[in-house]
1. So in the range 240-268, with the set limited to residues that are in contact with a Ser or Thr (Cβ under 7 Å, 6 or more places away or on another chain) and at negative phi, which one is surrounded by the fewest Cβ atoms within 10 Å (Cβ to Cβ)?
2. In the set T70, T102, which member is of a type in the set (V, I, T), surrounded by 12 or more Cβ atoms within 10 Å (Cβ to Cβ), over 23 Å from L415 (Cα atoms) and modelled with pLDDT of 95 or more?
3. Which number in (1) in contact with a strand residue (DSSP E or B) (Cβ under 7 Å, 6 or more places away or on another chain); (2) at pLDDT 95 or above marks the one condition that V164 misses?
4. Between I120, I67, I137, I94, which is in contact with a Phe, Trp or Tyr (Cβ under 9 Å, 6 or more places away or on another chain) and of a type outside the set (G, A, S)?
5. Out of L415, L407, L400, report the one residue that is among the hydrophobic types (A, V, I, L, M, F, W, C), without any contact (Cβ under 8 Å) to a residue 40 or more places away in the chain and either within 14 Å of the ligand (Cβ to nearest atom) or more than 19 Å from G197 (Cβ to Cβ) (or both).
6. Consider I422 carefully, then state whether it is within 14 Å of the chain's Cα centre (by Cα), crowded, with 19+ Cβ neighbours inside 10 Å, within 16 Å of the ligand (Cβ to nearest atom) and not small (G, A, S).
7. Is the range 137-160 home to any residue that is over 18 Å from the mean Cα position of the chain (by Cα), within 16 Å of the ligand (Cβ to nearest atom) and assigned to a helix (DSSP H, G or I)?
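The values are calculated or read from the model by the stated rules, or taken from the named source; none is laboratory data. Here the structure is a predicted model, which is why all the values come from computation and not from measurement. Every residue, glycine as well, gets a Cβ built from its backbone with ideal geometry; the counts of neighbours run over all protein chains shown. The area values use the complete protein model at the heavy-atom level, side chains included, leaving out ligands, DNA and RNA. Shrake-Rupley method; radii C 1.70, N 1.55, O 1.52, S 1.80 Å.
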Amino acid sequence: MATKLDDLAKQIDPRKLAELADKVDIDALLERVSRLDADTLQSLMRTLQKQTEPLDMPAPDGDFYAIADTLSDEQRELQRRVRDFMETEVAPIINDYWSRDTFPQQLIAQFRDLDLVRHIYDERGERRPDASVTEGIITMEMARVDVSTATFFGVQSGLVMASVAVGGSDEQKRAWIPKLRDLEQIGAFGLTEPEVGSAISKGMQTRCRRDDDGWVLNGEKYWIGNATFADVIVVWAKDEDDGQVKGFLVPGQAEGLRVEKITGKIALRAVENGHVFLDNCRVDDSARLANADSFRQTSDVLRMTRAGVAWQAVGAAMGAYEKTLAYTQSRQQFKRPIANFQLVQEKLVRMLGNVTAMQTMCLRLSRLQDAGRMSDAQASLAKVFAAQKCRETVALGRELHGGKGILLETDIARLFSDAEAIYSYEGTHEINSLVVGRAITGLGAFV
Ligand code: FAD
């Protein structure tokens, strides 16, 4: 054996041998290797090969159960277009805008060109038969890259357009839906108030009063997304006469309306949230949503859009998983990719399990919604589950990025922060849990 190894050593390139001799005692090495049995030698060779050959690692893909296969051709094409747009136009600029508390206004014209909402609402202002799944997939693709962008879209095509679709007369739908759909008019949705959030159905303080041929609005709305630049703000207010909640399409420039931008947020910083003041703000009767006579219509709007927030959670978690997997494949520690460590793989698998469960749950929810069979509790369960799992998933992603996980440049820090807003808005974790709790126990536990 020793002679064979000596012969072998003679065949090795002398330069390589000299390099090796600088690092190890070659005679001792050969001596030790000569004492290894065949199995151990083979295993040693496999380890050496693993460390020297370029590793062939699969590209990250957050659609593990191939939900895209269950979509229509039109939805898949839309998904591809939104993904391209988000990766080429939004990803490169969003951290800058996020850090400056500013919405990238140039995206509005680009969204107009993408013409997404046409796939959700038809010309008459009616939702298309598969609108919820389509909306969900668009939202997921947006949030996969950036949740602020998905929120802008959710306010416009979700909350505002649903308010018109649910509460508007046929004439109002014909007048408003095309303008909102084509982003000729940007909308905001004003329900929450500084002193009343979760309890808004019971404790709304903003008031409306019939006056001559119009209405007078007084009160404040808080957290209102897009309000700083909206052309129209949907304002919900309690009628002083009959005590019922009514909805209004208030022009952004209306006299008596003032908006202050909310600053200092640690989440969704590229969404411009406003504190809206209504001080004897007068609007025509035509601005009142003709079919919104009570809080029931407001609830109908929130039910329609709740699935959209769950889809935001899916997208943020999917983006976090894919980014994190790519990072663990490229980041080397102890001379190997960190994805090669067992503890890291366990976290990646937990992230993927969350993403897959959220996707399949939300897809089923949206299909129920499209079939007209989705209940409040079903929508709330998806919001509760997805927001919670999203929070866990982005936290694991942040963890796996090590110190870089708190840097905006890795994107994971932004997704991590934005998950906090998803967790609390459009019904907090607790309120949505109580909606489900009431449905399954038959006992309301809100107060
Ligand atoms: P509170 O209602 O004060 O709740 C505080 C805590 O108490 C929560 O944990 C809550 O779950 C808990 N709690 C309250 N009641 C109960 C109970 N009965 N049992 C157990 N726990 C309870 N609103 C709009 O109208 N338009 C928008 O465009 C909009 N955009 C938003 C964007 C962002 C980034 C954020 C953060 C919020 C936005 N909101 C918007 C408001 C959002 O919907 C509210 O923040 C949310 O409904 C919670 O209300 P709150 O913040 O007043 O919390």
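1. First pass over the range 240-268, keeping only residues in contact with a Ser or Thr (Cβ under 7 Å, 6 or more places away or on another chain): 244-245, 247, 259, 261, 266-268.
Next, from what is left, pick out any that are at negative phi: 244-245, 247, 259, 261, 266-267.
Details: Q244: 14, V245: 22, G247: 29, V259: 21, K261: 13, I266: 9, A267: 19.
Residue satisfying both the conditions and the ranking: I266.
2. Working: T102 fails: over 23 Å from L415 (Cα atoms).
That would be T70, the only listed residue that is of a type in the set (V, I, T), surrounded by 12 or more Cβ atoms within 10 Å (Cβ to Cβ), over 23 Å from L415 (Cα atoms) and modelled with pLDDT of 95 or more.
3. Here V164 clears every test but (1).
4. Working: I120 fails: in contact with a Phe, Trp or Tyr (Cβ under 9 Å, 6 or more places away or on another chain); I67 fails: in contact with a Phe, Trp or Tyr (Cβ under 9 Å, 6 or more places away or on another chain); I94 fails: in contact with a Phe, Trp or Tyr (Cβ under 9 Å, 6 or more places away or on another chain).
Answer to the check: I137.
5. Working: L415 fails: without any contact (Cβ under 8 Å) to a residue 40 or more places away in the chain; L400 fails: without any contact (Cβ under 8 Å) to a residue 40 or more places away in the chain.
Testing whether each residue is among the hydrophobic types (A, V, I, L, M, F, W, C), without any contact (Cβ under 8 Å) to a residue 40 or more places away in the chain and either within 14 Å of the ligand (Cβ to nearest atom) or more than 19 Å from G197 (Cβ to Cβ) (or both) leaves just L407.
6. Values: within 14 Å of the chain's Cα centre (by Cα): yes; crowded, with 19+ Cβ neighbours inside 10 Å: yes; within 16 Å of the ligand (Cβ to nearest atom): yes; not small (G, A, S): yes.
Yes, satisfied.
7. Scanning the range 137-160, I find at least one residue that is over 18 Å from the mean Cα position of the chain (by Cα), within 16 Å of the ligand (Cβ to nearest atom) and assigned to a helix (DSSP H, G or I), so the answer is yes.
A quick yes/no check of all residues on (1) open to solvent by 10 Å² or more (accessible area, probe 1.4 Å); (2) under 20 Å from the mean Cα position of the chain (by Cα); (3) of a type in the set (V, I, T):
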| residue | (1), (2), (3) |
| --- | --- |
| F277 | yes, no, no |
| S286 | yes, no, no |
| M304 | yes, yes, no |
| A310 | no, yes, no |
| A313 | no, yes, no |
| Q329 | yes, no, no |
| F334 | yes, no, no |
| A339 | yes, no, no |
| M351 | no, yes, no |
